[in-house]
Amino acid sequence: MKDTLKPGIRYEHRFVVPQNKTVPALYPEAEEFLVMPEVFATGFLVGFLEWACMKAVNPHLDWPDEQTVGTHINVSHEAATPPGLEVTAKVELLAVQKRLLVFSVEAHDGVDVISRGTHERYIIDKQKFDAKVGDKLQSRQTK
C-alpha cells in the first residue's frame, strides 16, 4: 500500500440502475424473488457500495497485486429505486488500521437517500489470497 492511503479519502460513484439489478434478477432461480417488485435489490446495492469503496482506494494500493475484500457491511436500505434512475454513492475512508479499512457510505437515487452506514474492507495480497482459496478448494475435494 502507498503512503497516500490515509483517512479522509472521499469518492463519489454513479450508476444507472438497469433492469438486471432489480430484486427478481438477484436469484432468478428462486420463485420468491421472481414475484418481488422490480426495484434496485439490496444485494446489488451492497455491491454498488463496495464498488465505490474499491474505486476510492485502488489508486492508493499497489493494484491489482494488492486488492481489498469486504469483511463487514452495516447499511440501511431506506427507499425503493426503480430501474432507470441514477444512484450516487458517496464514500469516505474513516480509518486505516494496518490492513483494515473502515468507510462511511451513503447512497442517493436523485429523489431519496436510499442507504447509509459503514463498510469494512481488508487489504489482501492477490496472489497469496488466491493460493489460500485454491488450498481450501483442494482440501474440500480430497475429503
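Rounded to a whole number, what is D in µm²/s for the chain from Stokes-Einstein with the Kirkwood radius over alpha-carbon pairs (25 °C, 0.890 mPa s)?
Values: Rh = 16.5 Å.
Approximately 149 µm²/s, per Stokes-Einstein.
Mind giving me the FRET efficiency for ARG10 and GLU78? R0 is 22 Å, r the Cβ-Cβ distance, nearest 0.05 is fine. Mind dumping the intermediate values first?
On the way: r = 21 Å, r/R0 = 0.97.
Approximately 0.55, to the nearest 0.05.
Given a Förster distance of 41 Å, report the FRET efficiency between GLN19 and ALA131 from their Cβ-Cβ distance, rounded to the nearest 0.05. Walk me through the numbers on the way to the answer.
On the way: r = 38 Å, r/R0 = 0.93.
FRET efficiency, GLN19 to ALA131: 0.60.
Is the shape of the range 15-57 best called rounded, prolate or oblate, per the rule: a/c under 1.5 gives rounded, else a/b larger than b/c gives prolate, else oblate, with a ≥ b ≥ c the square roots of the Cα gyration tensor eigenvalues?
Working: a/c = 3.54, a/b = 2.38, b/c = 1.49.
Here the range 15-57 falls in the prolate category.
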Completion exercise
Between the modelled labels at ALA30 and TRP63 (7 Å from Cα along Cα→Cβ) the distance in nm is 3.0
Practice task
Provide the gained length on full extension for the span THR71 to LEU100, in nm with one decimal, where the gain is 0.36 nm per separating residue minus the Cα-Cα distance.
Solution key: 9.5 nm
Practice task
With +1 on each Lys and Arg Cβ and -1 on each Asp and Glu Cβ, and nothing else charged, work out how big the dipole of the chain is about its Cα centre, in Debye to the nearest 20.
Solution key: 680
Practice task
Let me know the number of lysine pairs in the range 10-141 closer than 28 Å at the Cα, not counting same-chain pairs under 8 apart.
Solution key: 16
Practice task
Please report the relative contact order for the chain, taking Cα pairs under 8 Å with a sequence separation of at least 6, and give it as a percent rounded to a whole number.
Solution key: 27
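Rule-based calculations on the coordinates, nothing more; no lab input. These numbers were taken from a predicted model, which means no experiment stands behind them. Please note: Cβ atoms are built from the backbone with ideal geometry, for glycine as well, and neighbour counts cover all protein chains shown.
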